[in-house]
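Down below is the structure, laid out as structure tokens.
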Amino acid sequence: MTMLDPVKNLMRRHYLKKNASDVPTGITPLRDIHSAVAFIDVEDTSFHDCKNRILQFYRDHKMKGEIFFFDFRKLGEGERLITSITTTVLKKDLNWFDKPDKEKVSIMLSGEPDLFISMIPGDDFPLEFMAKCCRARFKIGRKQLPGDTFDMIFTDNPDKPSSQDEVFKKMIQILEKIQ
């Protein structure tokens, strides 16, 4: 723990409180969802398959959808970003206490999603910030965040972690059963 940690946590709490959505959330049938946003981690080996499956899910259910990517890797010389810079949150897009920059948040909010999906198995602050400020009526994640942010959680088996794509397949099966 560094000397800055208490200040960092204070700033995080302040900005979460200031930007948190006040839209009530709950489990919502797919027929009532018209737009969605999903977050995936490019470091997961199944990220391409998961991205394609999410896009297909949007098409199958006639949703306007967006996919955001978290890519906190340090790219080596000659390496290039493999996702759209507009919808990719990079380490450089985070401020000193890990809040995503206003532009990325605005892009997410401009889609006015009804459904928020996090395929990221962690609970880091950038994800927590995006999930809490999103005004979606139904929020799904892989790990519950403080304040019970997510309405539905898909956890991994601790003995055998699942890829994002495997979890999304299971998620679709459950979502399609909700009437």
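The values are calculated or read from the model by the stated rules, or taken from the named source; none is laboratory data. Remember, it's a predicted structure, so these values are computed and weren't measured experimentally. In this analysis, Cβ positions are derived from the backbone assuming ideal geometry, glycine residues included, and neighbour counts consider all displayed protein chains. The accessibility values were calculated without ligands, DNA or RNA, using every heavy atom of the protein model including side chains. Shrake-Rupley method; radii C 1.70, N 1.55, O 1.52, S 1.80 Å.
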Query raised in the report: Taking square-rooted eigenvalues a ≥ b ≥ c of the alpha carbon gyration tensor, is the range 90-152 rounded, prolate or oblate, where a/c under 1.5 means rounded and, failing that, a/b exceeding b/c means prolate?
Result: oblate
Report task. Starting from the Cα of K62, draw a straight line to each of the lysines and keep only those under 21 Å, dropping any in the same chain fewer than 8 residues away. Result -> K51, K139, K169, K170, K177
Query raised in the report: On full extension of the chain, what length is gained from H34 through W96, given 0.36 nm per residue of separation minus the C-alpha to C-alpha distance?
Result: 18.8 nm
Query raised in the report: All other residues with a Cβ under 14 Å from the Cβ of R53 taken together, and with Lys, Arg as +1 and Asp, Glu as -1, what is their net charge?
Result: -2
Query raised in the report: Which FRET efficiency, nearest 0.05, do D5 and N52 yield, Cβ-Cβ r, R0 35 Å?
Result: 0.35
Requested in this report: Send over a whole-number figure in Å² for the accessible area per residue of the chain, probe 1.4 Å.
Outcome: 56 Å²
Query raised in the report: On the accessible surface of the chain, probed at 1.4 Å, how many percent belong to carbon and sulfur atoms?
Result: 51 percent
Report task. Provide the convex hull volume over Cα atoms per residue for the range 132-179, in Å³. Result -> 93 Å³
Report summary line: Note on the range 21-124: C-alpha Rg/Rh, Kirkwood Rh, two decimals, gives 0.97
Query raised in the report: Got the relative contact order for the range 24-179 handy, in percent, Cα pairs under 8 Å and 6 or more residues apart?
Result: 30 percent
Query raised in the report: How high is the relative contact order of the range 131-179, in percent, with contacts defined as C-alpha pairs under 8 Å that are six or more residues apart?
Result: 24 percent
Query raised in the report: Restricting attention to the alpha-carbon atoms of the range 7-50, what are Rg (one decimal) and Dmax (integer), both in Å?
Result: 16.2, 44
**Report entry** Equivalent ellipsoid semi-axes, the chain, via Cα gyration tensor eigenvalues times 5, rooted, Å
**Finding:** 25, 20, 16
Requested in this report: Pick out, in residue order, every one of the GluC sites (Glu not before Pro) in the range 1-89 that is DSSP loop and has at most 15 other C-beta atoms within 10 Å; say none if there are none.
Outcome: E43, E77, E79
Query - Theoretical ellipticity at 222 nm over the chain - DSSP helices of four or more residues, -39500 (n - 2.57) apiece, nearest 500 - result: -10000 deg cm²/dmol
Query raised in the report: If you take the beta carbon distance between R13 and D156 as r and set R0 to 25 Å, what does 1/(1 + (r/R0)^6) give as a FRET efficiency, to the nearest 0.05?
Result: 0.35
